[in-house]
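Let me begin by presenting the structure, written as structure tokens, before commenting on it.
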Amino acid sequence: MATEIDLPTVKTRAVRGVLALSGRTFILQIVSFLGFFFLTVLLKREEFGLFFAVSELVAILGYFSDIGLAAALIQKKETPDDKDIRSTFTIQQILVLSLLLVAFLLTGSIKNFYNIPENGIWLLWSLLIGFFLASLKTIPSVLLERKLRFDLLAVVEIFEALVFYTIAVVLAWKGFGINSYTVAILARGVVGVILVYIFSPWPVGFAFERQSLKHLLKFGVPYQANSFLAVIKDRMMNVVLWKIIGVDGVGILGWAQKWAQMPLRFIMDPVMKVTFPAYSRMQEDKVELKKAIEKTIFFVSLLIFPALAGMLILAGRIIHLIPKYGKWEVALIALSFYIFNSVWGAITTPLTNVLAATGRIKTVFMLMIMWTVLTWIFFPILGIKFGYNGVAFASALVATSSVVAIYIVNKILGFNALASIRYPLTATIIMSIGLWLLLTLVPILSLSLPGLLTAVLFSVLLYIAILMVFLGQSLVVDIQKLLVNIKK
């Protein structure tokens, strides 16, 4: 195993890692955006809803597949040895195969309970096989993450996305319906495993070292307990909602949630991927850690806030311009609630990330208990009463409780969330008012995609101008540093 990297290297690779993953995410978002868009045009609402619901069902298994051992390998201060790695792999494969056996045995019961059609069962089985293939990628991915080699992980994810969406869209265009997903999932899984082992080969083997597992489980079990609460809060709730609001309602919520979270996936995923191991390496230096979290929140809100605001204003106008897309107009109210949820997520996700990375996993666990309880109280009640829009409103309602996480991190690190977001938030509000006024006073811009693109360009320039007024030279300096790292 390679030796550990020092703090200066951590900081350098963290910045480059974010840039590499951001570049990857930019490509992925283009692929994902186009693929998702074409699939929502070509497939029926209930077909999209079936894929979303069955995916949530299988995704639940992922939270039981390694009991937090992979995260423990990343977080561990010392370099993991072969015993650590092989013991983790052994436990993971035992769990994965056990879960797959249970899932296959329960297929008939699941089919009857949710009235899943035959092609939906093939989709379920392909997702289960994809789940097994994904488990084989865990160890080589962990080894790359410890070295902050996110550039190589980026290549794997780009190829997986290209394979998945290309096959899914082509087959959907040919009229294969939900079977388009079935084939695409299997192809993606095979390509991902091959590539990650090319980039990060390791001496595959099995072991069961008690002392090694005991050390890893000390962090891994509490970490996975949080993941278990997350799956109860989100995944299992979506499966319950499948029964309450039906597959069409799940499809509507899935569409709204997907679009509202797209800016988060574009920015937040690479940042969170890099900052967890980076924060873990910085956990002894609270001054550097405080600076890092402040920079993270500022960077995330700087990009996510205006993207969400623009989506809120433009979504309805875009739907009316795209042929065969009017079927999603019913999801606009839900979209607005999920956008509000994403605003909170942009702030609190980095905060829970720093708590976990610095070993305060019990604090994160208590936060997850709070969010889980609130979710299971409000989602079913409002879902039964008001349907899918009630569920979306419940999501926004639960998101406001994130102020508790902000308070906790502020108490520990002296972090001031308002100071980190005040300029991006103010600039976003002014930009939103400007965009709304432009579209109201010049309604012809809403009648064509070029017109809407013109309005978007105006809002981007307005946003940049406002930031220059607020931040001046410091913004220029940050951009110059960013360009230097991009060049490197």
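So which of Lys233/Lys295; Lys233/Lys362; Lys291/Lys411 end up more than 19 Å apart, counting from Cα to Cα?
Lys233/Lys295
Considering only protein heavy atoms, what is the solvent-accessible area of Phe113 at a probe of 1.4 Å, reported in Å² to the nearest 10?
Counting only protein heavy atoms, Phe113 exposes about 110 Å² to solvent.
What spacing in nm lies between the two simple spin-label points modelled at Lys362 and Thr166, each 7 Å away from Cα in the Cβ direction?
A separation of 5.1 nm, rounded to one decimal place.
Where the only charges are on Cβ atoms (+1 Lys, Arg; -1 Asp, Glu), what is the dipole of the range 232-487 about its Cα centre, to the nearest 20 debye?
Once rounded to the nearest 20, the dipole reads 360 debye.
For Trp344, Trp436, Trp255, what's the largest-to-smallest order of accessible area, 1.4 Å probe?
Largest accessible area first, the residues go Trp436, Trp344, Trp255.
With the convex hull built on the Cα atoms of the range 348-488, state its orientation-averaged projected area in nm².
For the Cα atoms of the range 348-488, the hull's average projected area reads 13.0 nm².
In whole percent, how big is the carbon plus sulfur part of the accessible area of the range 356-488, probe 1.4 Å, protein atoms only?
Taking all protein chains in place, the range 356-488 shows 77 percent carbon and sulfur surface.
Give, in nm to one decimal, the length gained when the segment between Asp248 and Ile27 is fully stretched (0.36 nm per residue of separation minus the Cα-Cα distance).
76.5 nm
List residues of the range 166-185, by number, whose backbone nitrogen lies under 18 Å from a label position 7 Å along Cα→C-beta of Lys44.
Only 172-182 pass the distance filter.
In nm, what is the difference between 0.36 nm times the number of residues separating Ile322 and Gln473 and their Cα-Cα distance?
50.2 nm
Along the charge dipole of the range 232-487, Cβ charges K/R +1 and D/E -1, which of Leu355, Gly451, Leu335 sits furthest on the positive end?
Of the listed residues, the answer is Leu355.
Round to the nearest 10 and report in Å² the accessible area of Tyr197, as given by a 1.4 Å probe over the protein chains' heavy atoms.
60 Å²
Taking only the alpha-carbon atoms of the range 232-487, what semi-axes of the equivalent ellipsoid follow from 5 times the gyration tensor eigenvalues under a square root, in whole Å, largest first?
31, 28, 14
Just by accessible area at a 1.4 angstrom probe, what is the order of Met468, Met368, Met237 from largest to smallest?
Met468, Met368, Met237
Give me the 1.4 Å probe accessible area per residue for the range 232-487, excluding ligands and nucleic acids, in Å².
45 Å²
Provide the FRET efficiency to the nearest 0.05 for the Met370-Leu106 pair, computing r from the beta carbons and using R0 = 22 Å.
According to the calculation, E is roughly 0.10.
Based on alpha-carbon centroids, what's the gap between the range 427-476 and the range 312-362 in Å, whole number please?
20 Å
In nm, give the distance between the simple-model label positions of Trp436 and Ile384, each being 7 Å from the Cα along the Cα-to-Cβ direction.
With each label placed 7 Å out from Cα toward Cβ, I get 3.6 nm.
Using protein chains only and a probe of 1.4 angstrom, how many square angstrom of Asp248 are accessible, to the nearest 10?
Accessible surface of Asp248 is approximately 50 Å².
What FRET efficiency comes out for Val330 versus Phe159 if R0 is 35 angstrom and r is the Cβ-Cβ distance? Round to the nearest 0.05.
The computed FRET efficiency comes out at 0.50.
Figure the gain on full extension for Trp122 and Leu449 (residue separation times 0.36 nm, minus the Cα-Cα span) and round it to one decimal in nm.
Answer, rounded to one decimal: 113.9 nm.
The values are calculated or read from the model by the stated rules, or taken from the named source; none is laboratory data. Model, not experiment: these values are computed from the prediction. Every residue, glycine as well, gets a Cβ built from its backbone with ideal geometry; the counts of neighbours run over all protein chains shown. Surface areas here come from the heavy atoms of the whole protein model, side chains and all, with no ligands, DNA or RNA. Shrake-Rupley method; radii C 1.70, N 1.55, O 1.52, S 1.80 Å.
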